[in-house]
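This report refers to the structure that appears directly beneath it.
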Amino acid sequence: MPSESQIPIASKPTARRFAARLAFFYGMLFGLSGTQLPFFPVWLRAIGIDPSWIGIISAVPAVTRFTTLPFVTGLAERRQALRGALIVTTALSALGFALVGLQHEAIAVFAAFVATACVWTPTVPLTDAYALRGVLRYGINYGPVRLWGSAAFVLGALACGLLIDVIDPSDLIWIIVAMAAIGAVASFALKPLEILAASPVTAHRDDRLLRNAPFLLIITASALIQGSHAAYYIFSAINWQAHGLGGLTIAGLWALGVVAEIIVFAASPRYTLPPSTLVVIGALSAVARWCVTAQDPPVALLAVVQLGHGLSFGLTQVGTMELLVRHVPAHMMARGQGYYTACSGIIGSCASVLSGAIYARYGPGVYYLMAVMAGSGALLMWLARHRLAHQPLPHQPHSAALGG
């Protein structure tokens, strides 16, 4: 059984087919997010859930990221079954969202969403692990493949934005269920990956990933930056709706941010800056973005600020994935993604719960807390940049396909 360094790069037609199937699945996966992230809180509010409970319920996925998720990704990796795990988790996610939609009391919604999140949250890290294995195996570009997820996110948000003005907000959950079902069907198109064995160089490191200082620095800094989006994900649509913005306008504002994200992903193979520098730039743009958003700016300025999502999320994501390719062995990629997502879950769940309490009292002032989080991530990554540059795992090939 060949090791990761012994597997030859596949032919271009084979790589293109793999990339096309992966891009399609990313599209379905994030099409679901495009409907769920901005409009699930709106549905919760429409069925009578108060803001404090909305914050608690919205924190559920973040909690499962550091509780059940690492077990799911670890199991998938041990069984060398990333594709199979994606098929199972996407199918159960669709069933779970349908169960959520049948509930109308806060506690019942909370319980059903807990069960759903346990199988839904592993889908993104499993997909990213599958994609990064594909980067090494097929020599594909991560950014241009991942951008199709962002494009589908825009379409999902716009479609929901159109529908929110013509259907009862209490029916939004069934759009989310439909998107989850389409994603489950799309998972069957994914191509199986070769089974990888740990190389002699890395076999002794299998139980030491969490003792690897560069890896811990990467996941902590990135989790702080991405976690700073918590208030935006949970309360932006509610806040804008309270200020008189219609569903299509809200969806358009979300779409502007994701269009900028798509551009960042598309251009990523041309980036020449070190990945740690890309993450710092993304973090500083988040600080600026949240400070302006906290001022409750007019729609015109808000539209400009939304373009910063391309940097605050997109550039941070590109830099983080490149750093993980450098510092995590390919045969441990699912575990590495699981640990990263778990760290994000710890930070994100705290941010979500605090956001609910702070928003209930201070409204958009909650974004100042988000700015502090992003600034902390920028500082940590900046202080660690030299260590990250000089301590890649010696066996890991540098992947220009990710950019950086």
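The values are calculated or read from the model by the stated rules, or taken from the named source; none is laboratory data. As the structure is a prediction and not an experimental result, all values here were calculated from the model. Note that each Cβ is placed from the backbone with ideal geometry, even for glycine, and that neighbours are counted across all protein chains shown. Accessible surface areas use protein heavy atoms only, side chains included; no ligands, DNA or RNA. Shrake-Rupley method; radii C 1.70, N 1.55, O 1.52, S 1.80 Å.
Specify which of the listed residues (Asp171, Asp165) is modelled with pLDDT under 85, open to solvent by 20 Å² or more (accessible area, probe 1.4 Å) and charged (D, E, K, R). Unique residue meeting the criteria: Asp165.
Selection of the stretch 53-104 for residues being more than 23 Å from Ala351 (Cα to Cα) and of a type in the set (Gly, Ala, Ser) yields Gly74, Ala76, Ala81, Gly84, Ala85, Ala91, Ser93, Ala94, Gly96, Ala98, Gly101.
Search the stretch 115-143 for residues being assigned to a helix (DSSP H, G or I) and among the β-branched types (Val, Ile, Thr), and hand back the single one that is most open to solvent (accessible area, probe 1.4 Å). Checked the stretch 115-143; the qualifying residue most open to solvent (accessible area, probe 1.4 Å) is Val124.
Consider the stretch 229-279 and keep the residues that are of a type in the set (A, V, I, L, M, F, W, C) and not in a helix (DSSP H, G or I). The one that is most open to solvent (accessible area, probe 1.4 Å) is Leu273. Which residues, counting only those in the stretch 55-81, are within 16 Å of Leu193 (Cα to Cα) and part of a loop (DSSP other than H, G, I, E, B)? Scanning the stretch 55-81 gives Arg79, Gln80, Ala81.
The residues listed here are Ala98, Ala112, Ala131, Ala106; of these, the one that is more than 19 Å from Arg45 (Cα to Cα) and of a type in the set (Gly, Ala, Ser) is Ala131.
Among the residues here, Ser352 does not qualify as out of contact with any Phe, Trp or Tyr (no Cβ under 8 Å at 6 or more places or on another chain), surrounded by fewer than 23 Cβ atoms within 10 Å (Cβ to Cβ) and in a helix (DSSP H, G or I).
Yes/no matrix, rows are residues, columns are (1) more than 13 Å from Met179 (Cβ to Cβ); (2) modelled with pLDDT of 90 or more; (3) over 14 Å from the mean Cα position of the chain (by Cα); (4) not basic (Lys, Arg):
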| position | (1), (2), (3), (4) |
| --- | --- |
| Ser3 | yes, no, yes, yes |
| Pro8 | yes, no, yes, yes |
| Lys12 | yes, no, yes, no |
| Arg16 | yes, no, yes, no |
| Arg21 | yes, yes, yes, no |
| Tyr26 | yes, yes, no, yes |
| Leu29 | no, yes, no, yes |
| Gly34 | no, no, no, yes |
| Val42 | yes, no, yes, yes |
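Out of Ala98, Ala91, Ala112, Ala151, I need the residue that is assigned to a helix (DSSP H, G or I), in contact with a helix residue (DSSP H, G or I) (Cβ under 9 Å, 6 or more places away or on another chain), more than 26 Å from Met333 (Cβ to Cβ) and open to solvent by 20 Å² or more (accessible area, probe 1.4 Å). Which one? Every option except Ala98 fails the conditions.
Annotation: Leu323 fulfils all but one of (1) modelled with pLDDT of 85 or more; (2) open to solvent by 10 Å² or more (accessible area, probe 1.4 Å); the unmet one is (2). Only one of the listed residues (Leu224, Leu216) is out of contact with any helix residue (DSSP H, G or I) (no Cβ under 6 Å at 6 or more places or on another chain), assigned to a helix (DSSP H, G or I) and over 30 Å from Ile164 (Cβ atoms). That residue is Leu216. Candidates in the stretch 289-321 are the residues that are part of a helix (DSSP H, G or I), within 21 Å of the chain's Cα centre (by Cα) and aliphatic (A, V, I, L, M); of these, the one that is farthest from Ile218 (Cα to Cα) is Val305.
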